[in-house]
């Protein structure tokens with residue numbers, strides 16, 4: 001990598017070399033190599049490109065072709081993505097069998113392969129240019145700006161696009177000035193709580209003691225959430241630059257990036273990035289020739305959801321079991337190894353270099369007055385365009401679901417969105433025009449959380465959704481405090497009774513009472529937010545709970561215990577095949593006459609459904 005950079009002139013030389021390398025490599029073909037695309041065969045696609053691009057010149061010019069493995073582009077529904085940068089064209093759902101056609105038709109002769117373009121479900125047409133894809137049109141990608149566009153394992157490419165540039169200005173300021181800029185930007189913690197970032201930095205800066213730590217919380221455990229993972233995989237140097245800035249501001253000389261072990265690609269790329277930063281003097285002793293020194297260690301977590309809570313996370317780093325502690329004292333005063341500690345999540349740190357480079361007012365203009373900047377969301381569920389998005393704070397749910405997300409799949413009707421994962425709550429059709437902000441979501445019983453957005457359609461059972469998330473949080477409870485340990489267990493039992501059709505109205509009252517008790521009395525954020533899915537579904541979908549309890553019916557037809565299997569008299573031919581295959585003898589009748597099902601004996605195994613050759617047996 002060469003010697004360490006000690007002054008701006010050497011940095012300019014390094015950037016110039018990176019620019020030269022960038023340009024000389026020729027026409028860029030970007031192959032998305034985030035976890036999602038890797039699972040879909042990105043490496044197979046990349047390897048076939050390597051084989052076929054030998055002696056190929058871009059569109060019969062003298063321009064060479066540069067193959068680049070990038071991080072996640074966000075358009076996960078359509079991976080593997082292949083981007084021909086010079087022409088602004090993205091191919092979707094690319095398989096290794098498609099590579100030869102891309103090389104021959106597009107790279108050699110400039111003919112776009114129409115069948116591999118994105119198909120817009122709204123217009124029923126193929127989209128040739130990236131800028132016209134509805135998924136990206138309303139996004140404002142800032143913290144994700146480099147993801148999918150640069151090689152995450154190249155510090156040269158990061159510096160070429162402006163990386164580590166703001167660090168020179170940071171090192172020329174005082175820690176007070178850096179904290180002031182972050183405070184004036186209005187940046188709030190993107191991990192879910194929304195606490196003012198600048199204020200937290202000031203707490204740590206002003207804490208007594210010479211030894212201080214900076215921690216990045218990359219323990220992203222919410223089901224369906226992958227925002228932090230994508231940044232760590234696609235733009236690790238931006239995270240590192242944000243941590244260096246934070247360490248300088250608060251007076252820390254050591255930092256940890258805590259990452260789930262289930263994110264092996266993120267761990268690998270972070271370690272590569274840390275090593276590269278150390279080699280050129282961005283990390284280590286006397287950074288960029290200054291008096292400031294800072295080192296970073298990448299720490300793998302064992303996958304416990306509770307370790308996303310800051311005190312449990314620190315216990316895990318210390319080698320202890322990941323369990324939360326009472327606060328105060330807060331980490332700002334007594335954190336890792338008993339020293340003042342700053343903890344922010346990946347997305348929060350990734351916003352810092354942009355704020356330091358462009359100024360606090362630039363950041364404030366991106367979002368809403370009380371919620372400046374952008375927020376990343378993992379958009380999943382029953383939606384046409386699922387993936388990772390970044391939008392200005394304050395954008396409405398309607399714009400996200402129907403403009404960016406392309407609407408509900410298969411023409412189904414929108415029912416709700418589960419926002420914030422197991423810690424969040426449900427938003428309904430009446431909330432479609434609600435601006436997504438910290439305060440507005442809390443008012444309606446939900447929260448931003450880490451940024452999971454699961455879109456649900458009319459066929460979703462909201463009681464089952466509540467049961468699913470309660471099962472997750474109950475399973476992930478560390479068990480330290482009684483209210484969380486026992487409260488979530490008993491809430492789960494009641495929800496299971498409801499979906500099995502065995503509950504009474506008194507169980508509903510007990511469920512709500514338990515939820516409020518667990519919310520008020522639990523020690524950490526896991527327990528305090530665990531009841532949110534239950535409370536929000538009770539608030540907006542109580543009629544579904546009542547249908548399960550009183551009518552013994554699941555309105556969505558999802559809960560198997562409440563389904564009835566019946567024989568259509570008009571279609572039944574009396575062949576007896578269903579009766580012969582029924583394992584409990586619940587079906588009776590005579591040959592060539594209509595058979596009937598004894599509902600008191602039926603175990604709803606479905607054997608008769610698949611056995612009937614006349615499709616006379618149906619679930620109702």
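Every number in this text was worked out from the coordinates using simple rules, so none of it is lab data. All values reported here derive from a predicted model rather than from experimental measurement. As a convention, Cβ positions derive from the backbone with ideal geometry for all residues, glycine included, and neighbour counts pool all protein chains shown.
Could you work out how much longer the chain between residue 253 and residue 330 gets when fully extended? Use 0.36 nm per residue separation minus the Cα distance between them, nm to one decimal. If you can, show how the numbers build up before the last one.
Details: separation 77, 0.36 × 77 = 27.72 nm, distance 1.97 nm.
Gain on stretching residue 253 to residue 330: 25.7 nm.
Using a 7 Å offset from the Cα along the Cα-to-Cβ direction at both residue 57 and residue 560, what is the distance between the two label points in nm, to one decimal?
For residue 57 paired with residue 560, the spin-label model returns 6.3 nm.
Tell me the label-point distance for the pair residue 7, residue 114, using the 7 Å Cα-to-Cβ offset, in nm and rounded to one decimal.
Computed distance between label sites residue 7 and residue 114 equals 6.1 nm.
For helix 482-499, what angle does its Cα long axis make with the longest principal axis of the chain, in degrees from 0 to 90 and rounded to 10?
40 degrees
Using only Cα atoms, find the angle between the long axis of helix 8-24 and the longest principal axis of the chain, and express it within 0 to 90 degrees, rounded to the nearest 10.
Helix 8-24 and the main axis of the chain meet at about 60 degrees.
I'd like to compare 525-537, 227-239, 45-57: which one has the highest average count of other Cβ atoms within 10 Å, and what's the full order after that?
227-239, 525-537, 45-57
How much length is gained on full extension from residue 500 to residue 593, taking 0.36 nm per residue of separation minus their Cα-Cα distance?
Between residue 500 and residue 593, full extension yields 30.2 nm more.
What is the gain in length, in nm to one decimal, between residue 122 and residue 430 on full extension, counting 0.36 nm per residue of separation less the C-alpha to C-alpha distance? Before the final figure, lay out each step's value.
Details: separation 308, 0.36 × 308 = 110.88 nm, distance 2.31 nm.
Full extension of this stretch gives 108.6 nm more.
For the Cα atoms of the chain, what angle does the longest principal axis make with the long axis of helix 264-280, in degrees from 0 to 90, nearest 10?
Approximately 10 degrees, to the nearest ten.
Counting only DSSP beta bridges with both residues in the chain, what percent are antiparallel, rounded to the nearest 5?
Just about 55 percent of them are antiparallel.
Calculate the spin-label point distance for residue 268 paired with residue 493, positioning each point 7 Å from the Cα along the beta-carbon direction, and give it in nanometres.
4.6 nm
At R0 = 60 Å, how high is the FRET efficiency between residue 552 and residue 97 if r is their beta carbon distance? Nearest 0.05 is fine.
The calculated FRET efficiency here is 0.70.
Quick one: pull the percentage of alpha-carbon pairs in region 564-619 with a separation above 18 Å.
16 percent
By count of other Cβ within 10 Å, fewest leading, how are 101, 310 ordered?
101, 310
Rounded, prolate or oblate: which fits the chain, taking a ≥ b ≥ c as square roots of the Cα gyration tensor eigenvalues, rounded meaning a/c under 1.5, else prolate when a/b beats b/c?
Values: a/c = 2.39, a/b = 1.38, b/c = 1.73.
It is oblate, given that a/c is not under 1.5 and a/b is not larger than b/c.
Can you order the peptides 556-566, 347-357 by their average number of other Cβ atoms within 10 Å per residue, highest first?
Highest-to-lowest ranking by the protection proxy: 347-357, 556-566.
Round to the nearest 0.05 the FRET efficiency obtained for residue 475 and residue 318 when R0 = 22 Å and r is the Cβ-Cβ distance.
The computed FRET efficiency comes out at 0.35.
Can you tell me how region 300-412 classifies by the Cα gyration tensor, rounded, prolate or oblate, using a/c under 1.5 as the rounded cut?
Numbers: a/c = 3.08, a/b = 1.55, b/c = 1.99.
In terms of gyration-tensor shape, oblate.
What FRET efficiency do you get for residue 510 and residue 361 if R0 is 56 Å and r is their Cβ-Cβ distance, rounded to the nearest 0.05? Please report the intermediate quantities before stating the final value.
Values: r = 52 Å, r/R0 = 0.93.
My answer for the efficiency is 0.60.
Is the C-alpha gyration tensor of region 15-55 telling us rounded, prolate or oblate? Criteria: a/c under 1.5 is rounded; beyond that, a/b larger than b/c is prolate, otherwise oblate.
oblate
With a cut-off of 8 Å between alpha carbons and a minimum separation of six or more residues, what is the relative contact order of region 308-393 in percent?
Relative contact order for region 308-393 comes out at 15 percent.
For region 114-167 and region 544-562, write down the distance between their C-alpha centroids in whole Å.
Rounded to whole Å, the Cα centres lie 44 Å apart.
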